[in-house]
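Enquirer: Below: one structure in structure tokens.
The values are calculated or read from the model by the stated rules, or taken from the named source; none is laboratory data. Worth saying up front: this structure is predicted, and the values here are computed from it rather than measured. Every residue, glycine among them, receives a Cβ derived from its backbone with ideal geometry; neighbour counts consider all protein chains shown. These area figures cover heavy atoms from the full protein model, side chains too; ligands, DNA and RNA do not enter into them. Shrake-Rupley method; radii C 1.70, N 1.55, O 1.52, S 1.80 Å.
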Amino acid sequence: MDGHDFDIENDAVLAKMLAVGAPLTLKTYLEFAFLGNPPEGIEEDAEFLASVPDVILENSRFKM
């Protein structure tokens with residue numbers, strides 16, 4: 001099993017994003033995770049970012 005499969009099985013937000021064909025970016029992840037109302041500054045919160053699947057962070061590196 002690769003890391004991507006592990007993330008899908010353990011992250012409902014990522015699974016939903018994949019199911020609907022959403023872009024795998026941090027911006028989109030935040031919209032899904034917080035139902036369109038992410039808290040201000042959450043994208044800079046190290047504790048939160050540690051819980052975000054690697055595939056999201058990797059795809060977002062140059063797309064923020």
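Enquirer: May I ask you to rank 34, 48 by accessible area, largest first, using a 1.4 Å probe over the protein chains only?
Expert: Most to least solvent-accessible, the answer reads 34, 48.
Enquirer: Starting from the 7 Å offset along Cα-to-Cβ, what nm value, one decimal, do you get for the label separation of residue 44 and residue 31?
Expert: Those two pseudo-labels are separated by 2.3 nm.
Enquirer: Residue 31 accessible area, nearest 10 Å², 1.4 Å probe?
Expert: Roughly 80 Å² of residue 31 is accessible to a 1.4 Å probe.
Enquirer: May I ask you to rank 54, 11, 45 by accessible area, largest first, using a 1.4 Å probe over the protein chains only?
Expert: Final ranking, largest accessible area leading: 54, 45, 11.
Enquirer: If each residue of separation counts as 0.36 nm, what is the full-extension length gain between residue 61 and residue 20 once their alpha-carbon separation is subtracted?
Expert: 12.6 nm
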